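Participant: The following block contains the structure, expressed as structure tokens.
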């Protein structure tokens, strides 16, 4: 996998480059000190992963992300400010790391990016109310609907989250919503469809599935409350 490091801080760039050397299949294609430099680089060169700082002069990492075609690019934000998490969340990036970046946290993010890259060519079809068929090149695999925790919108892809694996499916979120059986799944946000029987708890502003907090939009809250049959 090829990655591009973008950070206006020299120490941060050096740290990320050193961390990349710890991952056998990860190669640093280039290192940029600004979002503009990275934008220009990506016009002619392709990478798999973008390690991107947020706060930079002239153009932020958030702004750069909005200009990029992320169809074949996985973005991981690296920043010292936790308050950008919500904005990153809306941009459907692969991960959000708060500095200082430790090796275990870095590997976790890269593993998540790798899972997305490995499954980018997958497509799905639903057979009745029991299975989704994952198409990967000439191989078709069967995934039980009961294994799906939730679906997440990510640009031109839909990420299907299970306990053990993440699948990135080339499809619109509208298509995913139409294919996932309404008896089992419900849309709770512009970016999330959840499995009703996987919801652990409801909290202010969202819900929890397998320890993961997901937002619930006000427009979907009433329908969700009716479906989960609160006693």
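Participant: Checking residue 83 against (1) in contact with a strand residue (DSSP E or B) (Cβ under 8 Å, 6 or more places away or on another chain); (2) over 22 Å from residue 116 (Cβ atoms); (3) surrounded by fewer than 20 Cβ atoms within 10 Å (Cβ to Cβ), which single condition isn't satisfied?
Facilitator: (1)
Participant: Another one. If a residue counts only when it is out of contact with any strand residue (DSSP E or B) (no Cβ under 6 Å at 6 or more places or on another chain) and crowded, with 18+ Cβ neighbours inside 10 Å, which strands (runs of 3 or more DSSP E) contained entirely in region 154-231 have at least 3 such residues?
Facilitator: Once the strands (runs of 3 or more DSSP E) in region 154-231 are filtered for at least 3 residues that are out of contact with any strand residue (DSSP E or B) (no Cβ under 6 Å at 6 or more places or on another chain) and crowded, with 18+ Cβ neighbours inside 10 Å, nothing remains.
Participant: Hey, residue 160 hits all of (1) closer than 22 Å to residue 73 by Cα; (2) over 13 Å from the mean Cα position of the chain (by Cα); (3) at pLDDT 80 or above but one; which does it fall short on?
Facilitator: The one condition residue 160 does not meet is (2).
Participant: Residues to consider are 64, 52, 16; find the one that is crowded, with 20+ Cβ neighbours inside 10 Å, part of a helix (DSSP H, G or I), at pLDDT 90 or above and in contact with a strand residue (DSSP E or B) (Cβ under 6 Å, 6 or more places away or on another chain).
Facilitator: Answer to the check: 16.
Participant: Oh, and also: Scan region 198-231 residue by residue and report those that are under 14 Å from residue 182 (Cα atoms) and in contact with a helix residue (DSSP H, G or I) (Cβ under 8 Å, 6 or more places away or on another chain).
Facilitator: Scanning region 198-231 gives 227, 228.
Participant: With respect to residue 101, is the statement that it is over 25 Å from residue 170 (Cβ atoms) and either outside the structural domain of residue 44 (by TED's automatic domain parsing) or assigned to a loop (DSSP other than H, G, I, E, B) (or both) true?
Facilitator: Taking the combined requirement at face value, the residue satisfies it.
The values are calculated or read from the model by the stated rules, or taken from the named source; none is laboratory data. Please read all numbers here as calculations on a predicted model, not as lab measurements. A quick note on method: Cβ atoms are made from the backbone with ideal geometry, for glycine too, and the neighbour counts reach across all protein chains shown.
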